[in-house]
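What follows is a short report on a single structure.
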Amino acid sequence: MTSVPTVDYRNFDRRNFLAILAAVGASAALTAPAIARFGFANDDPSFIYAWDEIKPGFHALVDAKTGGNSLVVVSGTQVLLIDTKFAHLGGGLLQDAQAFAGNPAHLDLRLINTHHHGDHAGGNALIVPHADSYAHKKGVERIKDQLEKFQQSAKAGPAQIKRNKGTDEQLKLAIAAADAAESWTRADIAPKNRVPDEGASLTLGSTEINMYHFGRGHTDNDLVVHFANDNIIHTGDLVFAGLHPFFDPSARVTAIGWTKSLKAILDLCDDDTIVVPGHGPVGNKQAVQDQLEYMNNLIEHVQTDIDTGVSKSESTKKTWDFMEGLGFESIRGRAISAVYDELN
């Protein structure tokens, strides 16, 4: 198992979290059963990345080394991509979308960003100019503000590919992204369509797609993407399956709001729903229930500490039974710290 770097949560920011994702590898996500791998090998010349088929026409890219989980939905020559991972990976995602569509002369591509974090929207510069793109209205503005961070991430991409022992084609595309990064503009990275608080819908062939915003949770711009007829949900980072969740105060995170969003997601689920989390393996509604129980336990235990006079510094050093055995251990203290501030 790849070791996870030790991080001091007191000086922890989004960049530290992205570094953990780059270092941790897929092994950190394997604390729950994953959907069986589809037949695309990393050395398949038609595809840059190894995708998992979770249902005919639905393919997930679940790999902690590449950032948050992406989903591709295919209907003939029409393709929907959910989330673009790190900045240097956008070119490969675009090429794979083209391959999924059968390499048509014109790719009919749509993009949805579940939120603004750089491991979910970093590759936008290489996708947005070619796609009908969507994000929550606040997410669009936050993505625009991250142009320099995305550029810096792209420049670091080739070294990351080498560390992760990526393929020659992946390295070639990462170098191209690094070379182009300085020319990127805010218009290149910002989705063109702003999803309002009440959500929005679109279609891909006969596939109906609903985008929901349930209020502040992981961020102030979370979108949940629901394929009602296919019984599939991409939760974005409202669900970290088998992992400690990442708390980002700069994104206006709220544990209490997060629980409300999770309850709303559960209302969309039945026993057969396929759930694609923001991080961790594809599963079912149990992943959502597990995340809700984590949040409820975290709120309860931190509130007890506050009520009994336990200081924030002492509370953040603690662990409880519900936290045992989870990946992303380095950000456990950060979760406690953020909830302590929220409740206090």
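Per-structure values
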item	result
Among 102-109, 238-245, 57-64, 321-328, the order from most to least packed when residues are scored by Cβ within 10 Å on average	238-245, 57-64, 321-328, 102-109
Other-chain or far-sequence residues with amide H under 5 Å of Val62's (modelled H)	Asp52
³J(HN,Hα) computed for each position of segment 182-196 - Karplus, 6.51 cos²θ - 1.76 cosθ + 1.60, integer Hz, glycine/proline x	4, 8, 5, 10, 4, 5, 5, 9, 8, x, 7, 10, 9, 7, x
Prolate/oblate/rounded label for segment 213-344 (Cα gyration tensor, a/c 1.5)	prolate
Cα gyration tensor category, rounded, prolate or oblate, for segment 54-168 with a/c compared to 1.5	oblate
Most mobile of Ser75, Ser311, Ser153 in a GNM of the chain (Cα contacts under 10 Å)	Ser311
Most positive-pole-ward Cα, Gly123, Ile233, Ser153, against dipole of the chain from beta carbon charges	Ser153
Point-charge dipole on Cβ atoms (K/R +1, D/E -1) for the chain, about Cα centre, debye to 20	860
Segment 9-294: antiparallel DSSP beta bridges as a percent of all, rounded to 5	60
Eligible aspartates and glutamates near Lys165 by straight Cα distance, threshold 18 Å, same-chain separation 8 or greater	Asp43, Asp44, Asp63
Under the Karplus curve 6.51 cos²θ - 1.76 cosθ + 1.60, θ = phi - 60°, whole-Hz ³J(HN,Hα) for segment 107-122, x wherever Gly or Pro sits	8, 8, 10, 10, 10, 10, 9, 6, 5, 8, 4, x, 8, 10, 10, x
DSSP loop trypsin sites (Lys or Arg not before Pro) with at most 13 other Cβ within 10 Å excluded, longest remaining stretch of the chain	166-316
Span-like helix ranges in the chain, DSSP H, alpha carbon extent 27 angstrom or more, Kyte mean at least -1.0	285-307
Dipole of the chain, positive end: most advanced residue of Ala181, Leu81, Ala50 [Cβ charges, Cα centre]	Ala181
For segment 9-294: relative contact order, % (alpha-carbon pairs under 8 angstrom, 6 or more apart)	17
Top of Asp271, Asp96, Asp305 by mean-square fluctuation, Gaussian network on the chain, Cα under 10 Å	Asp271
Built amide H within the under 5 Å cut-off of Thr84, gap 5+	Ala121, Gly122, Gly123
Global geometry of segment 9-294, whether rounded, prolate or oblate, following the gyration tensor of its Cα atoms and the 1.5 cut on a/c	rounded
In Hz, Karplus ³J(HN,Hα) per residue of segment 200-213 (6.51, -1.76, 1.60; θ = phi - 60°; x = Gly, Pro)	7, 10, 8, 10, 10, x, 9, 8, 8, 10, 10, 10, 10, 10
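Each reported figure results from applying straightforward, stated rules to the coordinates on display, with no laboratory input. All values reported here derive from a predicted model rather than from experimental measurement. Glycine gets a Cβ as well: all are built from the backbone with ideal geometry, and neighbour counts include every protein chain shown.
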